[in-house]
Amino acid sequence: MSEKRFTSLKEFYPFYLTEHRNLTSRILHFIGTALLILCVIAAMLFHDWRFLVVVPFIGYGFAWVGHFFFEKNKPATFQYPGYSLASDFMLFWDLLSGKQPFRVK
């Protein structure tokens with residue numbers, strides 16, 4: 001992880017993108033975030049908190065597999081949990097909207 005200290009999400013997000021360049025890792029992050037969102041929606045629709053129990057495992061599980069096995073780097077979650085979580089959702093939206101490609105050249 002970079003020794004630079006980030007003081008804003010705007011400053012952190014470009015670094016976050018450099019840590020998420022692998023196609024498989026980006027796909028895993030996208031799937032994990034999508035499933036996380038679906039679990040939160042299901043919890044609200046069905047009034048069942050048990051859907052929320054799996055949220056951290058789904059969100060972090062998919063992402064960490066991407067980091068440890070495909071990116072071969074340490075997730076930014078450990079040093080910047082808030083910025084990292086926000087950036088996960090930003091990347092999800094950027095991938096969904098086509099602003100970011102799944103395959104980085």
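What follows draws every value from the coordinates through simple rules; no lab data is involved. Values in this document were obtained by computation on a predicted structure and should not be read as measured data. FYI the Cβ positions are ideal-geometry reconstructions off the backbone, even for glycines, and counts take in every protein chain you see.
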Discussion item. Rounded, prolate or oblate, given the Cα gyration tensor of the range 1-48, with a/c below 1.5 counting as rounded?
Written reply: oblate
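Run the helix sum for the chain: -39,500 (n - 2.57) per DSSP H stretch of 4+ residues, divided by residue count, reported at 222 nm to the nearest 500 deg cm²/dmol.
Values: 5 runs with 66 residues, N = 105.
Computed ellipticity for the chain at 222 nm equals -20000 deg cm²/dmol.
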Item to complete: For Gln100, list long-range residues whose amide hydrogen, built 1.01 Å from N in the peptide plane, is under 5 Å from its own amide hydrogen.
Response: Leu95
Discussion item. I'd like the Karplus ³J(HN,Hα) series for the range 53-61: coefficients 6.51, -1.76, 1.60, θ = phi - 60°, whole numbers in Hz, and an x wherever there's a Gly or Pro.
Written reply: 4, 7, 3, x, 5, 5, x, 6, x
Fill in: Packing-based exposure ordering (other Cβ within 10 Å, fewest first) of Asp94, Asp48, Asp88
Asp48, Asp94, Asp88
Item to complete: Quote the FRET efficiency, to the nearest 0.05, computed for Trp93 versus Glu3 with a Förster distance R0 of 35 Å and r equal to the Cβ-Cβ distance.
Response: 0.75
Worksheet item: Can you give me the Cα centroid spacing of the range 1-60 and the range 62-104 in angstrom?
Response: 7 Å
Fill in: Label-point separation in nm, Asp48 to Leu35, each point 7 Å along Cα→Cβ
1.7 nm
Worksheet entry | Among Val53, Phe15, Phe78 the positive-end extreme of the charge dipole of the chain (Cβ point charges) | Phe15
